[in-house]
Amino acid sequence: MKTTKLILASFFAALAFTGCDSDDSEQEKVIPKIDKIELGLGNNETGTIGQDFHFNAEVTAGDKIENVQVKIVQRTTETYSKPWSHEITWTQYADAKNATVHKHFDIPEDAAEGKYDFIINVNDQNGTKLEVKKNLTIYKLENIPVNPVASVFTVFINDAFMYRKGKFSDANAKYKNNDVFSSQVSLQGIKGDGIMYLLLINKNVKHSPESVDQIDFKKVIVYDVFEHKNIENAGEFSNIPWDGTQFTRDTPTLKIGAAKDNNSPIQQDLAANKSWVSGDYTFLVLYKNTTYNINFSQSVDLPFAL
């Protein structure tokens, strides 16, 4: 009898131990994490039908990433012209512990305008899953409150054209020490308030901001910064404005090799940052409409021989 009780006690103890071990195993599974989510250029949570859309996220797996998936889903509380949804799954991050998911894709032409749930799923190889829901507004191109488009994008070297209308004036020209750099950039379709930065960035720095808010001023040379206020009707904004009779602002200049850039209010110490070197630079224009949280960017690569 005592032997039977001992066997039964051992049996139930083993069951209890196995159950606890199973529970502990389940509890040890870590779910993925996600950080630094950006939706739309400048993280403005908007997309335009048929146009490029920016998505960024920093993902950390509990174990290893299985895949990363995004879904654009209509809301039951909203009215749309037609049923529509969109889904993308990226498998190239499989087996990684950490990944920067930086993607650009077009909002499909068959999309319907409206407010959507943008759902991000991170699936882990340990069987866990993280789901994050964000807001997204999709516009038709003609209905965007502000739609910046460059009407003038011109670069000068010593007052002569370096780059104009999408072409270099001299394919062999290069900026040298003491050359004078200048540029005129004009944007159409602007209203409200906004600010524009014109930057030179050494390509070896590997800094590629896609919006004003992403600029690391320690890694850029600011050629010009200019802003507008209270434009009531959509029109033109230029860093060298024309009132129909004359230019109302002198063309800013920057000498190649200068000790300071043209940033305001704090100029960068270009010598300390070793900003001037031979090689390719990106001339990057970044504009942010602060009234409507709409962004614009355009760039061209320029050669330097210092």
Measuring from the longest principal axis of the C-alpha atoms of the chain, the long axis of helix 2-27 (C-alpha) lies at a number of degrees, nearest 10, equal to 10
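In what sequence, highest mean first, do 33-41, 227-235, 249-257 appear when ranked by Cβ atoms within 10 angstrom? Numbers along the way, then the final one.
Working: 33-41: 16.9, 227-235: 12.2, 249-257: 14.7.
Ranked by mean Cβ neighbours within 10 Å, highest first: 33-41, 249-257, 227-235.
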Arranged from highest to lowest average of other beta-carbon atoms within 10 Å per residue, in what order do the peptides 182-192, 259-269 appear?
182-192, 259-269
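Report the relative contact order of the chain, percent, no decimals, based on alpha-carbon pairs under 8 angstrom and at least 6 residues apart.
Values: 677 pairs, mean separation 47.6, N = 306.
Over the chain, the number comes to 16 percent.
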Treat every Asp and Glu Cβ in the chain as -1 and every Lys and Arg Cβ as +1, leave all other atoms uncharged, and give the resulting dipole magnitude about the Cα centre to the nearest 20 debye.
460
Just Thr76, Thr100, Thr128 to compare: in a GNM of the chain, with alpha carbon springs under 10 Å, which one fluctuates most?
Thr76
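For Val155, Val300, Val30, what's the fewest-to-most ordering of other Cβ within 10 Å of each Cβ? Numbers along the way, then the final one.
Values: Val155 21, Val300 16, Val30 13.
Ordered from fewest to most neighbouring Cβ atoms within 10 Å, Val155, Val300, Val30 come out as Val30, Val300, Val155.
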Which whole-Hz couplings ³J(HN,Hα) result when phi for each residue of the stretch 188-201 is put into the Karplus expression 6.51 cos²θ - 1.76 cosθ + 1.60, θ = phi - 60°, listed in order with x for Gly and Pro?
9, x, 10, 7, x, 10, x, 9, 10, 10, 10, 10, 10, 10
Could you go through the stretch 169-183 in sequence order and give the Karplus-derived ³J(HN,Hα) for each residue, using 6.51 cos²θ - 1.76 cosθ + 1.60 with θ = phi - 60°, rounded to whole Hz, and x for Gly and Pro?
5, 9, 5, 9, 5, 9, 6, 10, 3, 6, 5, 9, 9, 8, 7
Quick check: the distance between the Cα centres of the stretch 263-280 and the stretch 163-238, to the nearest angstrom?
15
Output ³J(HN,Hα) for the stretch 76-81: one whole-Hz value per residue in order, computed from phi by the Karplus curve 6.51 cos²θ - 1.76 cosθ + 1.60 with θ = phi - 60°, and x for Gly and Pro.
5, 8, 10, 10, 10, 6
May I ask you to sort Asp124, Asp95, Asp117 by Cβ crowding, counting other Cβ atoms within 10 Å and putting the fewest first?
Asp95, Asp117, Asp124
For Asp106, what residues show an amide H to amide H distance below 5 Å, using hydrogens built from the backbone and excluding near sequence neighbours?
Phe53
When all alpha-carbon pairs of the stretch 33-143 are counted, what percent fall beyond 17 Å?
52
Largest-first ellipsoid semi-axes for the chain, taking √(5λ) over the Cα gyration tensor eigenvalues, angstrom
53, 26, 15
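Rule-based calculations on the coordinates, nothing more; no lab input. These numbers were taken from a predicted model, which means no experiment stands behind them. Positions of Cβ are backbone-derived with ideal geometry, glycine not excepted, and every protein chain shown enters the neighbour counts.
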